[in-house]
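This report refers to the structure that appears directly beneath it.
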Amino acid sequence: MSKIQEAFANGKAFIPFITCGDPNLETTAAVVRAAVANGADLVELGIPFSDPTAEGVVIQEANIRALKGGVTTDKIFDLVRDLRGDVKVPFVFMTYANVVFSYGAEKFISTCAEIGVDGLILPDVPFEEKGEFLSTCKKYGVDLISMIAPTSEDRIAAIAREAEGFVYIVSSLGVTGVRSEIKTDLTSIVKAVRANTKIPCAIGFGISTPAQAKKMASISDGAIVGSAIIKILAKHGEAAPKFIGEYVREMKNALTEG
């Protein structure tokens, strides 16, 4: 069992997404620690990119703030090294292919393994084109996380069979962002995934309330929340860790209620 799969071993997993460097890396570190202290089972760390095509306005603006603040991939690697002194839950980087290419794929992925990043999500890399990253990820023991969207349809089985770590199920068409209602038939997608892999699956995109998180986790193995957390960061800035800790605790409690 990979370290990522262990995050799902004790019930439904809550997975927060945090843009590194928004508003600065010191705040990112404090937010990660607050989230983990309040029940986060796995943390997605976003490496900012100038053209984050899967992201809605909230996370786009977080990327802009972080990049304007001078964040770099190397500084984010140093952040993870610091966090790994006391934070034991799995970390997954979410970024875009160009970030990895420009750094050098082998250097990037080998550094992930060295500093304790357990997985990598590249939303702009289609399933059919993942091969150029997969062999390097396998070489260094970094799980390349697969995403399945409502449009995946006939490809769901193939994607699930080759999945590593966990399967990221995208709840809705479009980009990330808070949604008042999630209408996708996710139950049938999860059923198709589970028919083809024993790897856990978690649902993301659009989840913001405890009720939504509980519903998504009731049909899958966990819930992923990004934009709602980034909104708290945008509102409170360096004071955000306390508020994000409270939010994570509320969301995690919703997942563990009977």
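Values in this text are rule-based calculations from the coordinates and carry no lab data. Since we're looking at a predicted model, the values are computed, not measured. Methodologically, a virtual Cβ is constructed for each residue, glycine included, from the backbone with ideal geometry; neighbour enumeration extends over all protein chains shown.
At 0.36 nm per residue, and after removing the present C-alpha to C-alpha distance, how many nm does the segment from Glu61 to Phe101 gain when stretched out fully?
Value of the extension gain: 12.1 nm.
Just the Cα atoms of segment 63-109, one point each, no solvent: what log10 I(q)/I(0) does Debye give at q = 0.27 Å⁻¹?
Debye intensities relative to I(0), on a log10 scale: -1.17.
Starting from the Cα of Lys191, draw a straight line to each of the lysines and keep only those under 23 Å, dropping any in the same chain fewer than 8 residues away.
Filter leaves Lys12, Lys183, Lys214, Lys215.
Report, in deg cm²/dmol and to the nearest 500, the calculated mean residue ellipticity at 222 nm for the chain, where each DSSP H run with n ≥ 4 adds -39500 (n - 2.57) and the sum is divided by the residue count.
-13500 deg cm²/dmol
With point charges of +1 on the Cβ of Lys and Arg and -1 on the Cβ of Asp and Glu, referenced to the Cα centre of the chain, which listed residue (Val43, Ser171, Ser208) lies farthest in the positive direction of the dipole?
Most positive-ward Cα: Ser208.
Less than 17 Å apart at the alpha-carbon level, and either on another chain or at least 8 residues along: which aspartates and glutamates does that give for Lys242?
Hits, sequence-local ones excluded: Asp22, Glu26, Glu250.
For labels at Glu153 and Ala239 in the simple 7 Å Cα→Cβ model, what's the distance in nm?
Taking the simple label geometry, Glu153 and Ala239 are separated by 5.0 nm.
Explain nothing, just compute: Karplus ³J(HN,Hα) = 6.51 cos²θ - 1.76 cosθ + 1.60, θ = phi - 60°, for every residue of segment 164-170 in order, whole Hz, x for Gly and Pro.
For segment 164-170, the Karplus curve yields 10, x, 8, 9, 8, 9, 7 Hz.
Collect residues whose amide H, placed 1.01 Å from N in the peptide plane, falls under 5 Å from the amide H of Ala13; neighbours closer than 5 in sequence don't count.
Gly222, Ala223
Note down the net charge around Ala29, summing +1 for each Lys or Arg and -1 for each Asp or Glu among other residues with Cβ under 13 Å from its Cβ.
Surrounding charge for Ala29 is -2.
Could you name the lysines whose alpha carbon sits less than 16 Å from that of Lys107, not counting residues in the same chain fewer than 8 places away?
The qualifying lysines are Lys75, Lys138, Lys139.
Could you give the dipole magnitude of the chain about its Cα centre, charging the beta-carbon of Lys and Arg +1 and that of Asp and Glu -1, in debye to the nearest 20?
560 debye
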